[in-house]
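Report on the following structure.
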Amino acid sequence: MLENWEKILQDSNTQRVEIIRMYLESQGIDAVVLNKKDSSYHIGVAELYVPNDSAEQAKTILNDEFPAA
């Protein structure tokens, strides 16, 4: 599924990743969150993926709008 997608963010704060996903989608960039957190122990990360052809634009938005991410 993710062969044409690039991971642009990995974070332990799932809510932050979801907010960034929603922002990217509001900018017209498809985005998918892959939640790798264990629901029982709350350890792990969430990963944010965008299509390869949108990765550079998404990274620019990520750096400009969410510099701490």
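Here region 1-45 exposes an accessible surface that is 47 percent carbon and sulfur, computed with a 1.4 Å probe and the other protein chains kept in place. Taking a cut-off of 19 Å between Cα atoms, list the lysines near K59, but don't count ones fewer than 8 places away on the same chain. Here the lysines satisfying the reach criterion relative to K59 are K7. Here S26 sits with roughly 80 square angstrom of accessible surface, probe radius 1.4 Å.
Between N63 and E25, what FRET efficiency follows from the Cβ-Cβ distance if R0 is 22 Å, with the result rounded to 0.05? Could the numbers behind the result be given before it?
Values: r = 18 Å, r/R0 = 0.81.
Given R0 = 22 Å and the Cβ-Cβ separation, E is 0.80.
Each residue of region 7-16 was assigned a 3J(HN,Hα) from its phi angle through the Karplus curve 6.51 cos²θ - 1.76 cosθ + 1.60 (θ = phi - 60°); the sequence is 7, 10, 7, 9, 8, 7, 8, 4, 4, 4 Hz, with glycine and proline shown as x. Between D53, D38, D30, the residue with the greatest mean-square fluctuation in the GNM of the chain (Cα pairs under 10 Å linked by springs) is D38.
Amide H contacts of E6: V50, N52, each under 5 Å away and 5 or more positions distant or on a separate chain (H built 1.01 Å from N in the peptide plane; Pro and chain starts excluded).
A Cα-only calculation for the chain places Rg and Dmax at 11.7, 36 Å.
Give me the dipole magnitude in Debye, nearest 20, for the chain about the Cα centre, with unit charges on the beta carbon: positive for Lys and Arg, negative for Asp and Glu.
Working: 6 positive and 12 negative charges, 56 e Å.
Value, rounded to 20: 260 debye.
The values are calculated or read from the model by the stated rules, or taken from the named source; none is laboratory data. As the structure is a computational prediction, the values presented were derived from the model and not from experiment. Backbone-built Cβ (ideal geometry, glycine too); neighbour counts: all protein chains shown. Surface accessibility is based on the protein's heavy atoms, side chains included, excluding ligands, DNA and RNA. Shrake-Rupley method; radii C 1.70, N 1.55, O 1.52, S 1.80 Å.
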